[in-house]
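Remarks on the structure that follows.
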Amino acid sequence: IFFRWLFENTHDPKPKGKERERLRRIGNMSRGRFKTWFANARRRYFHVVTDAEGKQTYVVNERFKIACHRSNVKFE
């Protein structure tokens, strides 16, 4: 579930508000564990690119693609 969400939200891989609570409940995780899982996922599977104007964007790495494949998340 979380890899699917990350795949669909690579533009901003930080769940917020009601979406964060919805995902946390689906995953049956405590707030702390949920927060740690997503922080680790961003650190492992994304790198931040800063453009000349200072705007940051997230770019997935090969490790993310492998993890998605293992979780049966299909790239389309």
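The values are calculated or read from the model by the stated rules, or taken from the named source; none is laboratory data. What you see is a predicted model; the values in this text were computed from it and never measured. Reconstructed Cβ throughout: ideal geometry from the backbone, glycine too, with neighbour counts over all protein chains shown. Surface areas here come from the heavy atoms of the whole protein model, side chains and all, with no ligands, DNA or RNA. Shrake-Rupley method; radii C 1.70, N 1.55, O 1.52, S 1.80 Å.
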Q.
To test your reading of the geometry: what angle, between 0 and 90 degrees and rounded to tens, separates the Cα axis of helix 17-26 from the longest principal axis of the chain?
A. 50 degrees
Q) Which whole-angstrom value gives the distance between the alpha carbon centres of region 1-45 and region 50-64? A) 18 Å
Q. Got a number for carbon plus sulfur as a percent of the chain's accessible area, 1.4 Å probe?
A. 48 percent
Q) Say we join alpha carbon atoms closer than 10 Å with springs in a Gaussian network model of the chain; which of K35, K14, K55 then has the biggest fluctuation? A) K55
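With a 1.4 Å probe and all protein chains kept in place, how do Y58, Y45 rank by accessible area, largest first?
Working: Y58 55, Y45 30 Å².
The ordering from most to least exposed comes out as Y58, Y45.
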**Q.** Straight-distance crosslink candidates among lysines, where the alpha carbon sits under 22 Å from K35 and sequence neighbours closer than 8 are dropped
**A.** K14, K16, K18, K65
Q.
If I compute P(r) over Cα pairs in 10 Å bins from 0, in percent from the structure I just sent, which labelled value in (1) 18, 48, 26, 8, 0; (2) 18, 49, 28, 5, 0; (3) 15, 25, 18, 15, 15, 12, 1 lines up?
A. (2)
**Q.** Sequence of F38, F7 from largest to smallest accessible area, 1.4 Å probe
**A.** F7, F38
Q) With axes computed from alpha carbons, what is the tilt in degrees of helix 31-45 against the longest principal axis of the chain, rounded to the nearest 10 within 0 to 90? A) 30 degrees
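Take I66, I1 and sort them by solvent-accessible surface of the protein heavy atoms, 1.4 Å probe, largest at the top. Working shown, then result.
Details: I66 80, I1 125 Å².
Result, largest first: I1, I66.
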Q | Positive-end residue, the chain charge dipole about Cα centroid, Cβ charges, pick of P13, F38, G27 | A | G27
